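Bear in mind that the values in this text are calculations on the coordinates, not laboratory data. Predicted model only: the values in this text are computed from it and were never measured. We place every Cβ from the backbone using ideal geometry, glycine too, and count neighbours over all the protein chains shown.
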Number of protein chains: 2
Amino acid sequence: MPELRTDPVSGRWVIIATERAARPTDFKPQPEETNDVARCPFCPGHEGMTPPEIFTVREPGTAVNGPGWHVRVVSNKFPALRIEGDTAKSGVGLFTRMDGVGAHEVIIETPDHHTHLGLLAPAKVAAVIGGYLARYRDLDNDPRFEYALLFRNHGRSAGASLSHPHSQLIALPVVPKRVAEEVEACEHFYGKRGGCVFCRIVEQELRMRERVVFENDRFAAITVFAGRFPFETWVLPKDHAASFGEMTEADMLPCAEALQATLRALHVCLSNPPYNFIVHTAPYHYQARHAYHWHIEIMPRLTHVAGFEWGSGFFINPVVPEAAARFLREAVAAAPAGVLVPGAEGGSR
Amino acid sequence: MPELRTDPVSGRWVIIATERAARPTDFKPQPEETNDVARCPFCPGHEGMTPPEIFTVREPGTAVNGPGWHVRVVSNKFPALRIEGDTAKSGVGLFTRMDGVGAHEVIIETPDHHTHLGLLAPAKVAAVIGGYLARYRDLDNDPRFEYALLFRNHGRSAGASLSHPHSQLIALPVVPKRVAEEVEACEHFYGKRGGCVFCRIVEQELRMRERVVFENDRFAAITVFAGRFPFETWVLPKDHAASFGEMTEADMLPCAEALQATLRALHVCLSNPPYNFIVHTAPYHYQARHAYHWHIEIMPRLTHVAGFEWGSGFFINPVVPEAAARFLREAVAAAPAGVLVPGAEGGSR
C-alpha cells in the first residue's frame with residue numbers, strides 16, 4: 001500500500017511508494033519513451049495489456065475491451081495510489097501518515113499512436129474532453145475523494161513514459177496544497193476587490209490584446225503575464241465557472257478548439273515541444289463558487305527547473321510573454337482550426 | 001534590463017528576460033554541459049574569461065585574477081538579474097512589474113575541473129562554505145536586498161550548464177514566495193506549539209534514529225520523512241540559528257563534514273547523481289529569529305517532475321526515506337570522512 005505523508009513544516013503531502021524496496025542500483029536513468037507500436041499497451045488490438053476499460057467512445061457493434069474505440073479510459077496499471085483502503089490518519093510525534101487511497105486512471109485519447117491532441121480535429125479533441133468530464137463527474141460520487149487532478153505529460157522530458165497519446169486523472173483524499181493556496185488566493189482577491197480574479201484577467205487581456213493567442217465565443221487562450229515557463233499559455237472559459245465539472249455540452253467544442261489551436265501553435269512554433277498541461281478546478285466539495293474559475297494551464301518544458309527555482313519559487317522565463325503570444329497567434333492564423341499542419345504529424349515519431 | 005513580474009493570483013514573482021528578443025527557433029534542446037577543459041572559463045589560467053574576482057582564497061604571493069586560488073567568486077557573466085537599477089514598482093491594471101535588480105555570483109569551488117564537493121576533503125569544503133559566508137554577509141550591506149539564495153546545481157539534468165564545480169548566489173529585492181511561506185509556517189508552528197519546528201524535528205530524528213545519515217557535535221544529516229525526491233537529505237545545525245549568516249568559525253568544519261559525507265554517500269549509492277542543494281535561511285531583515293532554523297536541502301534529481309506534481313504540489317517518491325537513510329549510512333560508514341572513494345573521482349568526467 002502506498003503511504004501518504006505530510007511534511008510538518010509546509011503541510012505538503014507526499015506519496016511514498018512503500019511496497020517497492022528499491023535498492024540504489026534500481027536508479028538507472030529513466031527509460032526512453034516506449035515508441036514500439038508492437039508492444040504499446042494503448043494501441044488497438046492490445047486492449048488485453050491494460051486493466052479493463054472504465055469508459056469508451058466506440059463504434060456501434062464493437063466488443064468491450066476490443067478494438068473499435070475512439071477514446072478509452074482504463075485504470076493505471078502502475079497506480080500512484082490504490083483504490084482500496086480508508087483515509088484514517090496516524091501519527092508518530094511530529095509526523096502524520098495515511099493510506100495512499102485514490103484513483104489513478106489513463107485517458108487514451110486516440111487509437112493512432114503517432115498523433116497528438118494538437119494535431120487532431122477539434123471534434124475529436126471534444127470527445128477526449130467528454131471522456132475527462134465523464135470520469136471527473138463519476139469520481140465525485142466517491143465520498144473519500146476531495147479533488148481530482150486531470151493532467152497530460154507530453155514528451156519524455158515532461159515525464160511521459162509512453163508516447164501513445166494519453167492523459168491522466170488522479171483522484172485524491174485530500175485537497176492538494178497548491179490547489180488550496182490558489183483557491184485561498186482567489187477568495188482573498190474576491191474579498192478585497194469584489195470579483196473573480198480570473199474573470200478580471202480575461203477581461204483585461206481581451207481589452208489589451210497583447211497576450212491573446214486564440215479566442216472564440218466561450219473560451220480564450222492567453223500567454224501568462226508572469227508565466228513561469230517560456231510560451232506558458234492558459235485556456236480559460238470567458239464566463240465564470242468554478243469547476244471543470246460544470247462544463248455544458250455547448251462548451252465542449254469551443255473548449256476543444258481553444259485547446260487544440262494552442263497545442264497546434266506550440267507544435268508549429270517550437271517543433272513539437274515537451275509540455276505538461278493541467279486542468280485547474282475547484283475541489284469537489286467547495287462552497288465559495290463565486291471566487292474560483294477553472295482553466296487549463298499549458299506549460300512547455302524547454303528550460304530546466306533547478307536550484308534557484310526550487311529554493312525561491314521564483315522562475316526565470318527567457319521569452320517575453322507578449323512576444324510568445326505574437327508567435328503563437330501567427331501560427332494559429334497560418335493554419336485555421338481543424339486543418340492539420342502538412343507533414344507535422346511526423347514530428348512526434 | 002530584466003523585469004520582475006508578479007502573478008496576480010499566486011503573488012509569485014517571475015524574472016522575464018526582456019532584452020532577449022528570442023525567436024522560437026532559439027529553443028533548441030539545452031546544450032550539453034561544457035566539459036572541455038581547454039574552453040572552461042572556471043579553470044585556472046582562464047581567469048580572463050570571467051568577470052573580475054570578488055572574493056578568493058589564494059596562495060600567498062599570487063596575483064589577483066590569475067591562477068593560484070583555491071576558491072574564487074566572480075559575478076555571473078550571464079546574470080538573471082542586474083546590479084544597477086532601483087526597486088520601484090509599476091502596474092498596468094491587475095499586473096505589477098519592477099526592474100530586475102539583484103546580484104548573481106558564482107562560487108568556483110576548486111581549481112580541479114574533474115572533482116566535486118562530495119569528493120573534496122572536508123577542510124576544502126569548509127573553505128567553500130567560508131566563501132559562501134563572506135559573500136552572503138557582504139550582500140546584506142546592500143539595503144536593496146531582502147534575501148540571498150545560495151544553491152548548487154550538479155549535473156545537466158539538475159540544470160548545470162558548466163561542469164566545473166561551482167555554486168551560485170542570487171540576491172533578490174523581494175523575499176521569494178517559497179521562503180515567505182516556509183517562514184510563516186515556522187512562526188505558525190511556534191505560536192501553536194511553543195518551539196522551533198526544525199529543533200523538534202532534529203530532536204525527534206536523533207531519538208528515533210530511523211532517518212539519520214550522519215551526525216557530529218554540531219550538525220545532523222537526515223533523510224526527510226515526507227521527502228519530495230528519492231534520497232532527499234537535509235543537513236541541519238543541531239543548535240537553533242535562524243540565519244546561515246550566523247555561522248561561527250567553529251561551525252564551519254562540522255558543517256563541511258556533514259555536507260561532504262552526505263554528498264559522498266549519494267555519489268557512492270547513486271553513481272554520481274544529478275542533484276540540487278539549497279541553503280534555506282531567514283530573510284536578511286527578519287525579526288522572528290526564534291521561529292526559523294537555517295538548513296541545507298539536498299535533492300537528488302532521479303525522477304521527472306511532471307503534470308501531477310506541478311498541478312498538485314504533491315510529489316511521488318519511489319524510495320522509502322528510512323531505506324534511503326540505511327543505504328546512505330552504509331556508504332558513510334564504508335568511507336570515513338576525508339577519505340576519497342577509490343576511483344570515484346572518474347564518475348563525473
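Let's test this: bin the Cα-Cα distances of region B:199-301 at 5 Å from zero up to the farthest pair and state each bin's percent.
Per 5 Å bin, starting at 0, the Cα pair percentages come out as 2, 13, 24, 24, 20, 12, 4, 1, 0.
Please state, rounded to one decimal and in Å, the Kirkwood hydrodynamic radius that region A:3-348 gives when every pair of distinct Cα atoms enters the mean of 1/r.
21.4 Å
A 32 angstrom limit on the alpha carbon distance is what I want to check against. Which of B:Lys77/B:Lys177; B:Lys89/B:Lys124; A:Lys192/B:Lys89; B:Lys89/B:Lys192 exceed it?
The pairs that break the limit, which is 32 Å between Cα atoms, are B:Lys89/B:Lys124; B:Lys89/B:Lys192.
Within 10 Å of each Cβ in A:220-226, how many Cβ atoms from other chains are there, averaged over the peptide?
So the per-residue partner count for this stretch is 5.
Report the relative contact order of chain B, percent, no decimals, based on alpha-carbon pairs under 8 angstrom and at least 6 residues apart.
17 percent
Going by how many other Cβ atoms sit within 10 Å of their own, how do A:Ile15, B:Ile54, A:Ile222 line up, fewest first?
Exposure proxy ranking, most exposed first: B:Ile54, A:Ile15, A:Ile222.
Would you give the gap between the C-alpha center of region A:195-263 and the C-alpha center of region A:65-83, rounded to a whole Å?
Each part's Cα centre sits 29 Å from the other's.
Can you put A:His188, B:His113, A:His164 in order of Cβ neighbours within 10 angstrom, beginning with the fewest?
Listing A:His188, B:His113, A:His164 from fewest to most nearby Cβ atoms yields A:His188, B:His113, A:His164.
Isolated Cys in the protein assembly as shown by the 4.7 Å beta carbon test?
Within the protein assembly as shown, the cysteines lacking a partner Cβ under 4.7 Å are A:Cys186, A:Cys255, A:Cys269, B:Cys186, B:Cys255, B:Cys269.
For each of B:Thr262, A:Thr248, A:Thr56, count neighbouring Cβ atoms within 10 Å of the residue's Cβ, then give the residues from fewest to most.
The order, fewest Cβ neighbours first, is A:Thr248, A:Thr56, B:Thr262.
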